[in-house]
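First comes the structure, then the notes that go with it.
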Amino acid sequence: MTPTGLIDVHAHFVTDAYADAARSAGITHPDGMPGWPSWSVEQHLDLMDDAGIARSYLSVSSPGVHFGDDRAARALAREVNGFGARVRAGHPDRFGQFASLPLPDVEGALTEAAYALDVLGADGVAVETNHHGLYLGDPRLEPLWEALDSRGALVFVHPTSPPHADETALGRPRPMLEFLFDTARAASDLLLRGVFTRHPRIRWVLTHGGGALPLLADRIDLFRTITGGDGPSAVEQLGRLWYDMAGTPFPRQIPALDAAFGTERLLYGSDYCWTPAEAARAQIASVDAAVPPSATDTWRDLTTRNAHRLFAV
């Protein structure tokens, strides 16, 4: 039997113009990584064909498009979003797109979100766990969440380095640990500030199995009780979000997520091209070799079925 084609919600592209803009801003080792990866449509399609990925939703990864100047960030967001839209239009059966927003410039983000969703036909928008220290629960972002909630938009939350990462990361690449902690930090901020309950129509997608969230959900609930929090429990609210399995899903990451929130909203993610092609293939092999979620399902079946539910709006 032919294996079910994966739907990859966590896939990235890098253009020469984007990398040049980042380098001009002094970002030569993004998030403590050795350098910028290369990417092309042809290389990406080769990986997809070889690994059994039916469709990939492209986005710009950390450090995003804002390097300190609002006007430049607006222009760069428009440029990369236009590029992503052209890739999607050239291969409509293979690629989707999550548009970049020039946060922390909220006015620019509102304009770009409307343009990307209404004109370019993007499948959603991508934000980072924080934008120069502005976390996602901050009241200054409320106009953006109101606009995206009114559309029932998909918001892909990609991790980035936290403030003062040079000290906290201890000289190590930040995707190893800091990304996972910042995902938990951002999600807890959204939860504790009531963003999830105020804007229930937004479809939030968190990466890497929620990072540290599965281990912290009960602890967040404990402190909500101590500080007089009300509303649905943290476990209940976090269980309504969507999670991808980018990174090292087995043998421990996804079982932990399943124990906390279940797998009804679990999605596949490769993290290519920041994860090299060979590592992406090895990750898929680990997914295919893992103990299946049920007697009738594979992880491919489960995540692809979930993805169809996520995008069938």
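Quick note: the coordinates plus some simple rules give every number you see, no bench work behind them. Note that the structure is a prediction, hence the values are computed from the model and not measured. Virtual Cβ from ideal backbone geometry, glycine too; neighbours counted across all protein chains shown.
Some points to look at:
- Pair list, Cβ < 9 Å and 6+ apart or interchain, from the range 294-305 residues that are at positive phi and without any contact (Cβ under 8 Å) to a residue 60 or more places away in the chain to residues that are surrounded by fewer than 16 Cβ atoms within 10 Å (Cβ to Cβ) and in a helix (DSSP H, G or I): none
- Selection within the range 41-56 - surrounded by fewer than 19 Cβ atoms within 10 Å (Cβ to Cβ) and either assigned to a strand (DSSP E or B) or not charged (D, E, K, R) (or both): Val41, Gln43, Leu45, Gly52, Ala54
- Odd one out for Ser38, checked against (1) without any contact (Cβ under 8 Å) to a residue 24 or more places away in the chain; (2) outside any helix (DSSP H, G or I); (3) over 19 Å from the mean Cα position of the chain (by Cα): (1)
- Filter result for Arg224 (under 19 Å from Leu136 (Cα atoms), in contact with a Leu (Cβ under 9 Å, 6 or more places away or on another chain) and among the charged types (D, E, K, R)): yes
- In the range 262-280, the residues that are within 18 Å of the chain's Cα centre (by Cα) and more than 28 Å from Pro34 (Cα to Cα): Thr263, Glu264, Arg265, Leu266, Leu267
- All of Leu117, Leu136, Leu110 fail the test of being surrounded by fewer than 20 Cβ atoms within 10 Å (Cβ to Cβ), in contact with a strand residue (DSSP E or B) (Cβ under 9 Å, 6 or more places away or on another chain), within 30 Å of Gly194 (Cα to Cα) and aliphatic (A, V, I, L, M), apart from Leu117.
- Test for Gly121: is it in contact (Cβ under 8 Å) with a residue 24 or more places away in the chain, at positive phi and not hydroxyl-bearing (Ser, Thr, Tyr): yes
Yes/no matrix, rows are residues, columns are (1) surrounded by fewer than 16 Cβ atoms within 10 Å (Cβ to Cβ); (2) under 28 Å from Met176 (Cβ atoms); (3) touching a Phe, Trp or Tyr at 6+ places or on another chain (Cβ under 9 Å); (4) not small (Gly, Ala, Ser):
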site: Gly209; (1), (2), (3), (4): no, yes, yes, no
site: Thr227; (1), (2), (3), (4): yes, no, no, yes
site: Ile254; (1), (2), (3), (4): no, yes, yes, yes
site: Phe261; (1), (2), (3), (4): no, yes, yes, yes
site: Ala282; (1), (2), (3), (4): yes, yes, no, no
